[in-house]
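Encoded as structure tokens, the structure appears first; notes follow it.
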Amino acid sequence: MSEARIDLAAYRRNLATIATRVAPASVMAVVKADAYGHGLLPMARAALEAGIRWFGSLDIATGLALRAGGVGDESSILAWLLGPDEDYAAAVDAQIDLGISTIAQLESIAAAARDSSARLHLKIDTGLHRNGSSAADWPRLVSRAVELSTAGRVELVGVFTHIAEASFDEDSAAIERFHEAIAVAESLGAAFEVRHLAASAASFARGDARFDLVRIGAFGYGIAPGDGVGPAELGLTPVMTLTAPVVESIDESSVLGIGLADGISSAVVGAVSVALDGRRYKVISIDAGTMTVAGPGRRGDNAVLFGAGLRGEQTLQEWADATGTIGEEIVTRLSARVTRTYEA
Ligand SMILES: *Cc1c(COP(=O)(O)O)cnc(C)c1O
């Protein structure tokens, strides 16, 4: 009933726009959380068509799903969220790059690597404190990785970190710490193919954050950063349009076939508007399966909840601002009840 229409051409265009912007750095398409609710494999295939050869899967299971779904050896896939009981052998066999922070992870992976060597990216913490080796542990981690690399057990592919992208000065400090960590690693004999630090916002905003590779999630889907800058100002197009049918018309209000069970937040009540026939009407109530808007509609009409803003509807950014969240959270919360349909 409710439908998320995904504009694959817009996704490819966004990725191309970003690729041009960050060149000569390469673009990793981050497809975690089912490609931010857009659907993993269709988005990965569109990214391949757009020339993307790096994928960020977050976890190993998603990396394996990408390999099984047609992302072949010509592409690298990085998983960096590793649990205590990971099946590293399966990941290494599928040539999933692994982002690691500790010697314990390094030893487990080296032990699991049988026929092929494990491809590793070493993560340094530069202030965000979300995984990453501390500067104090860094030399030991690097030295052991270099040792295992010399023995042919692992391949040192990358060095990386993650930054907040909330304050220019804090990001600058993180970039400085990243440079220092790379210098330390190189002095210990490490050589890396790729150095990467930035996600969408910093990739777009600052040249000194790009290094060799940038990890792009939100901007690829046309989802703006949370700071009020809209995707259009960046030359990007929202990829998802969310629609729902009118299931009942009562007086001057319309009941739509989408609700809490579809992953819509109750915060939309009184806060956001929905477009019916190009006109906007406030949401006045919501329950598990339906929401009611204060405007006339006919059974079978399709209401547009959010989209690119071309048919009178609000954008995802407007929904996010009106409900006190960020666009990414709204799209990743949409449940499997919402049918994803794709326009090539
Ligand atoms: C999610 C994520 C990204 C992508 O972030 P966006 O702001 O959505 O582009 C990049 N790097 C890491 C480590 C992430 O977890």
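Which FRET efficiency value, to the nearest 0.05, do you get for A344 and D212 by plugging their Cβ-Cβ distance into 1/(1 + (r/R0)^6) with R0 = 30 Å? Result of the calculation: an efficiency of 0.45. Counting only DSSP H runs of at least 4 residues, each contributing -39500 (n - 2.57), and dividing by the residue count of the chain, the helix-based mean residue ellipticity at 222 nm comes to -9500 deg cm²/dmol. Close amide-amide hydrogen proximity is noted between A198 and R215, each under 5 Å apart and 5 or more residues distant or on a separate chain (H modeled in the peptide plane; Pro and chain starts excluded). With R₀ set to 30 Å, the beta-carbon distance separating I250 from A166 gives a calculated FRET efficiency near 0.10. Cα centroid separation, segment 203-278 to segment 44-62: 22 Å.
By how many degrees, between 0 and 90 and to the nearest 10, does the Cα long axis of helix 103-112 differ from the longest principal axis of the chain? Its long axis makes an angle of about 90 degrees. Restricting the calculation to Cα atoms, the chain shows an Rg/Rh of 1.04 when the hydrodynamic-style radius is the Kirkwood one.
Using C-alpha pairs below 8 Å separated by at least 6 residues, the relative contact order for segment 8-221 is 20 percent. Between the Cα long axis of helix 168-187 and the first principal axis of the chain there is an angle of about 30°, rounded to the nearest 10. Note on V304: accessible area is roughly 10 Å² with a 1.4 Å probe, heavy atoms of protein only.
What's the Cα-based Rg to Rh of segment 240-343, Rh via Kirkwood? When Rh is taken as the Kirkwood radius, the ratio is 0.92.
Sorted largest first by accessible area at a 1.4 angstrom probe radius, with every protein chain in place, the residues K282, K123 fall in the order K282, K123.
The values are calculated or read from the model by the stated rules, or taken from the named source; none is laboratory data. What you are looking at is a predicted structure, and each value in this text was computed from that prediction instead of being measured. Cβ: placed from backbone, ideal geometry, glycine included. Neighbour counts: every protein chain shown. The protein model used for the area step is the full one, side chains on, heavy atoms only, and it has no ligands, DNA or RNA in it. Shrake-Rupley method; radii C 1.70, N 1.55, O 1.52, S 1.80 Å.
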